[in-house]
Amino acid sequence: MAHIHEKIDFTVAIFVVHDGKILLIHHRKLDKWLPLGGHIELDEDPEQAALREAKEESGLEVELLGERPPTTSPGTRALIAPRFLDIHRISDTHEHIGMIYWARPKGGGDAPVAELATAEHHDIRWCSAADLDKLQPPMSDAVKWYCHKAIEEISKHP
């Protein structure tokens, strides 16, 4: 997806947890371990973007976790709030506002098989909290913090 604006874009990051493990991708272009995610397109809301990116990048149908206020009425649709928001610099002239979601695979049961999106990623895998320190190249401290927090919070409420 091309950038929507030259200075800033909105993105989603989806931290999918199943059975105490988090789904991560080794991003081909960035050479980094990251959660599923990407740009919010002009014709979609953040929830739609998160569900689309999860499906495109892993083949999985996921359920976003969080609270949706009971305020939907004609002309207004309440959205699940992201667990966190951040803003991160992509270049000297471009930033992303990131909407960070927790999710779990639909259906439960055994760990679902995630499909590698070979055009975008070198690898995709389910990682335990202990695996995070062993990934190469090393994961950023910020992404690692979100991974630990997602595993902790989602594991408490299966």
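The values are calculated or read from the model by the stated rules, or taken from the named source; none is laboratory data. Predicted model only: the values in this text are computed from it and were never measured. Note that we place each Cβ from the backbone using ideal geometry, even for glycine, and neighbour counts take in every protein chain shown.
Filter region 59-96 down to residues that are touching a strand residue (DSSP E or B) at 6+ places or on another chain (Cβ under 8 Å) and acidic (Asp, Glu) and give me whichever is surrounded by the fewest Cβ atoms within 10 Å (Cβ to Cβ). Across region 59-96, the extreme among qualifying residues is GLU61. If you check ALA114 against the conditions, is it of a type outside the set (Phe, Trp, Tyr) and within 21 Å of PRO46 (Cβ to Cβ)? Against the criterion (of a type outside the set (Phe, Trp, Tyr) and within 21 Å of PRO46 (Cβ to Cβ)), ALA114 does not qualify.
Yes/no matrix, rows are residues, columns are (1) under 12 Å from the mean Cα position of the chain (by Cα); (2) charged (D, E, K, R):
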| position | (1), (2) |
| --- | --- |
| HIS39 | yes, no |
| THR72 | no, no |
| ILE87 | no, no |
| GLU95 | no, yes |
| HIS122 | no, no |
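Here VAL113 meets the list (1) in a strand (DSSP E or B); (2) β-branched (Val, Ile, Thr); (3) modelled with pLDDT under 95 almost entirely, failing just condition (1). The residues of region 99-126 that are surrounded by fewer than 18 Cβ atoms within 10 Å (Cβ to Cβ), under 16 Å from VAL16 (Cα atoms) and of a type outside the set (A, V, I, L, M), listed by number, are LYS106, GLY107, GLY108, GLY109, ASP110, GLU115, ASP123, ARG125.
Name every residue in region 126-145 that is assigned to a helix (DSSP H, G or I), closer than 22 Å to GLY59 by Cβ and under 15 Å from the mean Cα position of the chain (by Cα), in order of residue number. Write out each step before concluding.
Residues of region 126-145 that are assigned to a helix (DSSP H, G or I), as a first pass: 130-134, 141-145.
So of that shortlist, the ones also closer than 22 Å to GLY59 by Cβ come out as 131, 143.
VAL143 - this is the single residue of region 126-145 that is assigned to a helix (DSSP H, G or I), closer than 22 Å to GLY59 by Cβ and under 15 Å from the mean Cα position of the chain (by Cα).
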